[in-house]
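Accompanying notes for the structure given below.
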Amino acid sequence: MSKLATAIALAGALLSGSATAESAKPTIVLVHGAFADSSSWNGVAGILQKDGYRVVAAANPLRSVASDAAYVSDVVKSIEGPVVLVGHSYGGAVISAAANGHDNVKSLVYVAAFAPDAGETAAELAGKFPGGTLGSALAAPVTLADGGVDLYIDQAKFREQFAHDVPAQEAALMAAGQRPITEAALNEKAGAPAWKSLPAWFVYGSADKNIPAKALGFMAERAGSRRTVVVEGASHVVMVSQPQAVADLIEEAAQ
């Protein structure tokens, strides 16, 4: 083989190896929680994409833990290759169920998120320790045709309750576009959690007013968190106010 042919073959092999390494990176599936939407992940998603990860920010229906988890499970099923599931707030309860039965889910990341054990509810865990003020910040519930109710945060109280470390104008837009959750979903008992069989990472703010930091720390310790990052002074939407810290932990979980 000539020197030129050898060089071309070597270059092809290197490029092929590079492509294989790139394709081996897991897909990051981001699942938002109550009173938010997929755009709450924009800052984190931008960092992950820049670092070469494929990102899917799923539209969590926020109707019930079981049905929401079934939807996210279908999203995971459609993805070839390894997946890291990331949940914010109520989305943590969803990924805890959605990961079950999927061999391609390699790790879980809880971002200011619930990690319920079997039989527990989000509402129960939020009230397990003092410091949560969500109840007094809710607007009048919206009655649904099926007899249930949708819950929203009062827009006038949204920033202080949910996003105190986000610029006022951005928080106002988040308040206007918030997605409601059914009261029933917050009181639905969880099934068997995937964090008992999959490695988990946790990140949350010390000044979270939706889920008290003590409750988040309790869940992280119980789940055997590989690493827990507590962002001093951060609100419930730590992924909006501190996207780099959240993205860094997700990338650690993706290794």
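Residue pairs whose Cβ atoms lie under 6 Å apart, sitting 6 or more positions apart in sequence or on different chains, and linking a residue in the stretch 106-119 that is at positive phi to a partner that is surrounded by fewer than 22 Cβ atoms within 10 Å (Cβ to Cβ) and at pLDDT 95 or above, are 119/189. Here residue 135 meets each of (1) outside any loop (DSSP other than H, G, I, E, B); (2) in contact with a strand residue (DSSP E or B) (Cβ under 8 Å, 6 or more places away or on another chain); (3) small (Gly, Ala, Ser) with one exception, condition (2).
If you check 190, 234 for being crowded, with 19+ Cβ neighbours inside 10 Å, touching a residue at least 60 places away in the same chain (Cβ under 8 Å), out of contact with any Phe, Trp or Tyr (no Cβ under 8 Å at 6 or more places or on another chain) and not in a helix (DSSP H, G or I), only one passes: 190.
Please tell me if residue 95 is more than 22 Å from residue 206 (Cβ to Cβ), at pLDDT 95 or above, in a loop (DSSP other than H, G, I, E, B) and touching a strand residue (DSSP E or B) at 6+ places or on another chain (Cβ under 8 Å). Quick ask: steps written out before the conclusion?
Working: more than 22 Å from residue 206 (Cβ to Cβ): yes; at pLDDT 95 or above: yes; in a loop (DSSP other than H, G, I, E, B): no; touching a strand residue (DSSP E or B) at 6+ places or on another chain (Cβ under 8 Å): yes.
When the stated conditions are applied, residue 95 does not pass them.
If residue 160 satisfies all but one of (1) in contact with a helix residue (DSSP H, G or I) (Cβ under 8 Å, 6 or more places away or on another chain); (2) within 17 Å of residue 40 (Cβ to Cβ); (3) assigned to a helix (DSSP H, G or I), what's the number of the condition it fails? Failing condition for residue 160: (2).
The numbered conditions (1) surrounded by 15 or more Cβ atoms within 10 Å (Cβ to Cβ); (2) free of Cβ contacts under 8 Å to residues at least 24 places away in the same chain; (3) more than 18 Å from the chain's Cα centre (by Cα) are all true for residue 217 except (3).
The values are calculated or read from the model by the stated rules, or taken from the named source; none is laboratory data. Quick caveat, the model's predicted, so the values are computed rather than measured. FYI the Cβ positions are ideal-geometry reconstructions off the backbone, even for glycines, and counts take in every protein chain you see.
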